[in-house]
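The values are calculated or read from the model by the stated rules, or taken from the named source; none is laboratory data. Owing to the predicted nature of the structure, the values given are computational and were not obtained by experimental measurement. Counting neighbours? That spans all protein chains shown, and the Cβs are built from the backbone with ideal geometry, glycine included. Calculation scope for accessible area: heavy atoms of the full protein, side chains included, ligands and nucleic acids excluded. Shrake-Rupley method; radii C 1.70, N 1.55, O 1.52, S 1.80 Å.
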Amino acid sequence: MFALNAVLQDPFERWRERKLARYPRRAEDLVVEVRDPRNLSDSEAGEIQRVCGAANMAVYASPLANVADKDIARRLGARLGLARLQANPLADEDGISSLEVAPEKSGRGYIPYSNRRLLWHTDGYYNAPEQRIRAFILHCVRPAAAGGENRVLDPEIAYILLRDADPRYVAALSAPDAMTIPANEEDPAAQRGAQAGPVFSFEGGTLHMRYTARTRSIEWRPDEVTQAAVRRLREILDSDSPYVFRLKLQGGQGLVCNNVLHDRSEFSDAPGAGRLVYRARYADRIGPA
């Protein structure tokens, strides 16, 4: 009877059951201790890939607090199959961004370079499809003195929770014009046209999510189902769901993920020791274990 049920069961339901059965129960279950993220052992790399396979993210913890070496992110990414670094106009010359309070950037409206809160989003939600961000690494050199916590949610879990609520929600958010990001014509260094696209899309059998919780100038499809889906997604993200994990990366720790949903609380720095996080974005996904 069990075998017959397995054959008759919907493919989505089989995938859903497997996903939820092996999903981590606590943020602590994401953590993998490593000696040096620049030179992962086979077992360390395999464990990071295993955790990512279950949750699309992992947190590595190393003793390299206060070590300002961008090779940490670069070499770790290469070890996990991340080869195509996706730079952006505000990244450093090597394509990796140094996220710290920078008035010359925050004054132009770029919140990651300020101590203000960052709303829920996936990285590169404003990019064209050929510039899709599939993975990123956040490596913490120094944490903030207070605040600066992240909340994170696997897009596959968001998809499941929305489909459980109403299958029409994921259908609406998969429309090619579900969400339109306005053009950026104010900053000559980062000009781009308006970008319309889906929230959920599939590529080679994997789910990709494109989302921002910002409301200024964002254009959602005006139909009733899309509007209801957006409201429900916001409710999930701001709930006490056991699938939403809270993290505060410490020095030497990092988040490696397949572009999960995340936010960041506001923070304050200690004098002379500001929060510094390296961010490396990739066109690749993390390789399998």
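In the set ASP123, ASP166, ASP154, which member is in contact with a helix residue (DSSP H, G or I) (Cβ under 8 Å, 6 or more places away or on another chain), of a type in the set (D, E, K, R) and open to solvent by less than 20 Å² (accessible area, probe 1.4 Å)?
After applying the criteria, what remains is ASP154.
Quickly run through the range 93-139 and pick out the residues that are without any contact (Cβ under 8 Å) to a residue 12 or more places away in the chain and under 22 Å from ASN56 (Cα atoms).
Correct list: GLU130 only.
Mind listing just one residue for me: the one in the range 129-151 that is small (Gly, Ala, Ser) and surrounded by 16 or more Cβ atoms within 10 Å (Cβ to Cβ) and, of those, nearest to the chain's Cα centre (by Cα)?
The residue in question is ALA135.
Can you tell me which residue within the range 200-237, out of those that are modelled with pLDDT of 95 or more and in a loop (DSSP other than H, G, I, E, B), is nearest to PRO176 (Cα to Cα)?
The residue in question is ARG221.
Looking at (1) in contact with a Lys or Arg (Cβ under 6 Å, 6 or more places away or on another chain); (2) within 20 Å of ASN56 (Cα to Cα); (3) open to solvent by less than 20 Å² (accessible area, probe 1.4 Å), find the lone condition where LEU261 falls short.
(1)
What number goes with the only condition from (1) out of contact with any His (no Cβ under 8 Å at 6 or more places or on another chain); (2) exposed (fewer than 15 other Cβ atoms within 10 Å of the Cβ) that ARG214 does not pass?
Unmet condition: (1).
Where the second residue is open to solvent by less than 10 Å² (accessible area, probe 1.4 Å) and among the small types (Gly, Ala, Ser) and the first is within 28 Å of ARG210 (Cβ to Cβ) and lies in the range 140-155, which pairs have Cβ atoms under 6 Å and are six or more apart or on separate chains?
ASP154/ALA55
Starting from the range 175-190, keep only residues that are open to solvent by 20 Å² or more (accessible area, probe 1.4 Å) and among the acidic types (Asp, Glu), then list their pairs with residues that are at pLDDT below 65 and in a loop (DSSP other than H, G, I, E, B) whose Cβ atoms are within a distance under 7 Å, requiring at least 6 positions of separation or different chains.
Matching pairs, first to second residue: GLU185/GLN191.
Those residues that are in a strand (DSSP E or B) and open to solvent by 20 Å² or more (accessible area, probe 1.4 Å), I need them from the range 264-278; list them, please.
If the condition is that a residue be in a strand (DSSP E or B) and open to solvent by 20 Å² or more (accessible area, probe 1.4 Å), then SER268, ALA270, ALA273 are the ones that fit.
Only one of these conditions is not met by GLY81: (1) over 21 Å from PHE245 (Cα atoms); (2) loosely packed, with under 15 Cβ neighbours inside 10 Å; (3) of a type in the set (Gly, Ala, Ser). Which number is it?
Only one criterion is unmet by GLY81, namely (2).
For residues in the range 15-44 being touching a helix residue (DSSP H, G or I) at 6+ places or on another chain (Cβ under 9 Å) and open to solvent by 80 Å² or more (accessible area, probe 1.4 Å), which is farthest from TYR243 (Cα to Cα)?
Checking each candidate, the answer is ARG35.
Just name the residue that is surrounded by the fewest Cβ atoms within 10 Å (Cβ to Cβ) out of those in the range 49-75 that are part of a loop (DSSP other than H, G, I, E, B) and among the charged types (D, E, K, R).
ASP69
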